[in-house]
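Novice: First the structure, then my questions, so here it is.
The values are calculated or read from the model by the stated rules, or taken from the named source; none is laboratory data. These numbers were taken from a predicted model, which means no experiment stands behind them. Virtual Cβ from ideal backbone geometry, glycine too; neighbours counted across all protein chains shown. Accessible surface areas use protein heavy atoms only, side chains included; no ligands, DNA or RNA. Shrake-Rupley method; radii C 1.70, N 1.55, O 1.52, S 1.80 Å.
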Amino acid sequence: MNKKKPISLHEPVFNGNELKYLSQCIKSTWVSTSGYFISKFESKIAKYLNVKNAIACNSGTASLHVSLLVCGVKRNDEVIVPTITFIAPINAVRYVGADPIFMDSDEYFNLDEDKTIEFIKNCTVFKKGNTINLKTKKIIRAIILVHTFGNPCKIKKLKSLCKKRCIKIIEDASESLGSKYNKSYLKNQFTGTIGDIGCISFNGNKIITAGAGGMIVTNNNIFAKKIRYLIKQAKDNDFEYIHNEIGYNYSQTNVQAAIGLAQFEKLDKILKWKKSIHNSYSSLLKDNKNFTIYSTPSYSESNYWLNILRIESLKKIDKIKLMKLLIKNGIYVRPIWQLNHLQKEYKLCQNYKITNALALLDRSICLPSSYNLKKNDLKRIVSIINA
């Protein structure tokens, strides 16, 4: 094992007001699911994203679960999902008793907009206000778009079709806080604010962290009211503890929000550092014909959450051997996620023309992307790749 300091894939950095806010939180004794930092964190996120409502939850997965519920997804409904994503949004579909329909990925690891539109137009029928899957005869109630690795999805044409077909759009912006579209594409709007509901994650490996936690953002006030109700155990009466629906213990704690607020205060600086890291990787590898860094969409500005190495020739390069070599030298890399339509629990679910995602899986390695990486760290990583 190399004796140099290990380089993590994506580690949190606490060099702002985290300790100060945590101390204030503890001194106040408001450490659970009420308190100053929760409301402050919510208002800061809402203002930054220019949305009417931001509701703090205890995880990104909880945010996805509740979002599906308020969008009316029920048992035996169907939800369109990408095959390339962390498994959380796929599992959330099953939490409500619905089934996923898997779509292929485009060159940015996102759900393929054109193939999805093709599927909706050719493989479904719109009847009595519902989009019906011709194969299963089930209602397609929603679609989950994941802005993978911080890259905004192509969404403009799909949004128009989904509105006509009464299909709700839930954006999984867990990895893409700070990513936004160009003015010419979607008026500089941020990811998470285009569809009916957006979900953000503050897990320890995200661009900013609260240790854990999530946030639901929406301009729909009716949805927001319902979400706040459900995440607090659906309590109808504070004095008699009346609960007329099944609720959930999904609220964020004041402790988490204190950390999250301190992290959020550094977001603009973090975004600049992340872009610089991406550009440095690309520059350091510019003369290597065997590898490139995947580019980000031209119609948007990514937050550059993770940098992904592309292997140009699988005949020359053994992906597993390269990953083991990097890890042996204290550089922690990982593959992209296994395609979800191939996961044991989802192999029998419907999928549509998945080809590009298979190629992306074979060729891609996730590189260290913490925003405190130094130039010497990047040179050390790339020197092994170049060698």
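Novice: Can you list residues whose amide H is under 5 Å from residue 101's amide H, if they're 5+ apart or on another chain and H is modeled 1.01 Å from N?
Specialist: 79, 80, 81
Novice: Hey, another quick one. With the dipole of the stretch 1-123 worked out from charges on the C-beta (+1 for Lys and Arg, -1 for Asp and Glu) around the Cα centre, which of 17, 50, 29 lies farthest toward the positive end?
Specialist: 29
Novice: May I ask you to list the trypsin sites (Lys or Arg not before Pro) in the stretch 3-42 that are in a DSSP loop and have at most 16 other Cβ atoms within 10 Å of their Cβ? Spell out each step's value before the answer.
Specialist: Working: sites: 3, 4, 20, 27, 40; in loops: 3, 4.
Sparse-neighbourhood loop trypsin sites (Lys or Arg not before Pro): 3, 4.
Novice: OK, next. Which value, in debye to the nearest 20, describes the size of the charge dipole of the chain about its Cα centre when Lys and Arg Cβ atoms bear +1, Asp and Glu Cβ atoms bear -1, and nothing else is charged? Spell out each step's value before the answer.
Specialist: Details: 60 positive and 30 negative charges, 150 e Å.
Once rounded to the nearest 20, the dipole reads 720 debye.
Novice: Same structure, new question: Once phi is turned into θ = phi - 60°, what whole-Hz ³J(HN,Hα) does the Karplus curve with 6.51, -1.76 and 1.60 give for every residue of the stretch 266-271, x standing for Gly and Pro?
Specialist: Per residue, the Karplus-derived 3J(HN,Hα) values read 9, 4, 4, 5, 4, 4 Hz.
Novice: Return the long-range amide H neighbours of residue 293 (sequence gap of 5 or more, or a different chain), with a cut-off of under 5 Å between placed amide H atoms.
Specialist: For residue 293, whose amide H was placed from the backbone, the distant partners under 5 Å are 310.
Novice: Along the stretch 302-315, what does the Karplus equation 6.51 cos²θ - 1.76 cosθ + 1.60 (θ = phi - 60°) give for ³J(HN,Hα), rounded to whole Hz, x for Gly and Pro?
Specialist: 7, 8, 6, 4, 10, 9, 10, 7, 9, 8, 6, 10, 6, 6
Novice: Go ahead and set up a Gaussian network model of the chain, Cα springs under 10 Å, then flag whichever of 348, 22, 373 fluctuates most.
Specialist: 348
Novice: So, one more: May I ask you to list the GluC sites (Glu not before Pro) in the stretch 142-244 that are in a DSSP loop and have at most 10 other Cβ atoms within 10 Å of their Cβ?
Specialist: Listed in order of number, the matching sites are 240.
Novice: A further question follows. In the neighborhood of residue 218, defined by Cβ-to-Cβ distances under 13 Å, what is the net charge if each Lys or Arg adds +1 and each Asp or Glu adds -1?
Specialist: On the way: positive: 52, 168, 225, 226, 228; negative: 42, 171, 196.
Spelling it out: positives minus negatives among the neighbours equals +2.
Novice: If a/c stays under 1.5 just call it rounded; otherwise compare a/b with b/c (prolate if a/b is bigger, oblate if not). Do that for the stretch 289-334, with a ≥ b ≥ c from the square roots of the Cα gyration tensor eigenvalues. Can you show the working numbers first?
Specialist: Working: a/c = 3.98, a/b = 1.55, b/c = 2.57.
Note, shape of the stretch 289-334 comes out oblate.
Novice: Now for a different question. What accessible area per residue comes out for the chain, rounded to a whole number of Å², with a 1.4 Å probe? Please report the intermediate quantities before stating the final value.
Specialist: On the way: 17900 Å² over 387 residues.
Per-residue value: 46 Å².
Novice: Same structure, new question: Compute the Cα gyration tensor for the stretch 221-352, then decide on rounded, prolate or oblate, letting a ≥ b ≥ c be the square roots of its eigenvalues: rounded whenever a/c is under 1.5, prolate when a/b is larger than b/c in the other cases, and oblate in all that remain.
Specialist: On the way: a/c = 2.76, a/b = 1.83, b/c = 1.51.
Because a/c hits 1.5 or more and a/b exceeds b/c, the stretch 221-352 counts as prolate.
Novice: Which residue fluctuates the most in the chain, going by a Gaussian network model with Cα springs under 10 Å, if the choices are 200, 246, 45?
Specialist: In the Gaussian network model the winner is 246.
Novice: Right, next: Quote the charge dipole size of the stretch 201-252 about the Cα centre in Debye, to the nearest 20; the model charges only the Cβ of Lys and Arg (+1) and of Asp and Glu (-1). Intermediate values should be presented prior to the final figure.
Specialist: Details: 6 positive and 4 negative charges, 52 e Å.
The calculated dipole for the stretch 201-252 is roughly 260 debye.
Novice: What residues of the stretch 54-85 lie in the reach of a label at residue 236, counting those whose backbone N is under 19 Å from a point 7 Å from the Cα along Cα→Cβ?
Specialist: Under cut-off, by backbone N: 70.
Novice: Label points 7 Å out from Cα along the Cβ direction at residue 299 and residue 243: separation in nm?
Specialist: 4.3
Novice: What residues qualify as long-range amide H neighbours of residue 252, i.e. H under 5 Å apart, gap of 5 or more or another chain, H built at 1.01 Å from N?
Specialist: Those qualifying (amide H under 5 Å, at least 5 residues apart or on another chain) are 57, 58.
Novice: Compare 261, 134, 306 in a GNM of the chain, Cα atoms joined below 10 Å, and give the one with the largest fluctuation.
Specialist: In this elastic network of the chain, the residue with the biggest mean-square fluctuation among 261, 134, 306 is 134.
Novice: To the nearest 10 Å², what's residue 229's accessible area with a 1.4 Å probe?
Specialist: The accessible area comes out at roughly 50 Å².
Novice: How large a share of the accessible area of the chain, in percent, is made up of carbon and sulfur atoms when the probe is 1.4 Å and the other protein chains stay in place? Don't skip to the answer; put the middle values down first.
Specialist: Numbers: 9360 of 17900 Å².
Carbon-and-sulfur percentage of accessible area, whole number: 52.
Novice: Place +1 on the Cβ of every Lys and Arg and -1 on the Cβ of every Asp and Glu in the chain, take the dipole about the Cα centre, and give the residue among 209, 284, 330 whose Cα lies farthest towards its positive end.
Specialist: Final value for the positive-end residue is 284.
Novice: Nothing charged except the Cβ atoms of Lys and Arg (+1) and of Asp and Glu (-1): what's the magnitude of the dipole of the stretch 143-286 about its Cα centre? Round to the nearest 20 debye.
Specialist: 1020
Novice: Further question on the same structure: Please work out the Cα center distance from the stretch 48-79 to the stretch 105-120, rounded to the nearest Å.
Specialist: That distance is 22 Å.
Novice: Also: If you add up the charges near residue 117, with Lys and Arg at +1 and Asp and Glu at -1, over every other residue whose beta carbon is less than 14 angstrom from its beta carbon, what do you get? Kindly include the intermediate steps, with their values, before the conclusion.
Specialist: Values: positive: 115, 121, 154, 156, 157, 159, 163, 164, 165, 353; negative: 104, 106, 112, 113, 114, 118.
Result for the local shell: +4.
Novice: Which whole-Hz ³J(HN,Hα) couplings does the stretch 363-378 yield from phi under the Karplus relation 6.51 cos²θ - 1.76 cosθ + 1.60, θ = phi - 60°, glycine and proline marked x?
Specialist: Using θ = phi - 60°, the values come out as 9, 10, 10, 7, 9, x, 9, 4, 6, 9, 5, 9, 4, 5, 5, 5 Hz.
Novice: Let me ask something else about it. What pairs from 121/232; 52/154; 225/275; 163/286 go past 31 Å between their alpha carbons? Could you put the intermediate results ahead of the total?
Specialist: Numbers: 121/232 39 Å; 52/154 23 Å; 225/275 37 Å; 163/286 43 Å.
Pairs exceeding 31 Å: 121/232; 225/275; 163/286.
Novice: Let me ask you something else. Grab the other residues whose beta carbon is less than 12 angstrom from that of residue 24, score K and R as +1, D and E as -1, and report the net.
Specialist: Numbers: positive: 20, 27, 40; negative: 18.
Here the count lands on +2.
Novice: Here's another thing I want to ask about it. Among 174, 150, 227, pick out the residue whose Cα is farthest towards the positive end of the charge dipole of the stretch 140-277, where Lys and Arg carry +1 and Asp and Glu carry -1 on C-beta, about the Cα centre.
Specialist: Projecting each Cα onto the dipole axis, the largest value belongs to 150.
Novice: On to the next question. Given [x] 18, 35, 28, 14, 5, 0; [y] 30, 58, 12, 0; [z] 28, 56, 16, 0, which label gives P(r) over Cα pairs in 20 Å bins from 0, in percent as computed from the coordinates?
Specialist: Computing P(r) over Cα pairs in 20 Å bins from 0, in percent and matching it to [x] 18, 35, 28, 14, 5, 0; [y] 30, 58, 12, 0; [z] 28, 56, 16, 0 gives [z].
Novice: Would you mind telling me the antiparallel percentage of the DSSP bridges in the chain, rounded to 5?
Specialist: Working: 30 of 49 bridges.
Bridges in the chain that DSSP calls antiparallel: roughly 60 percent.
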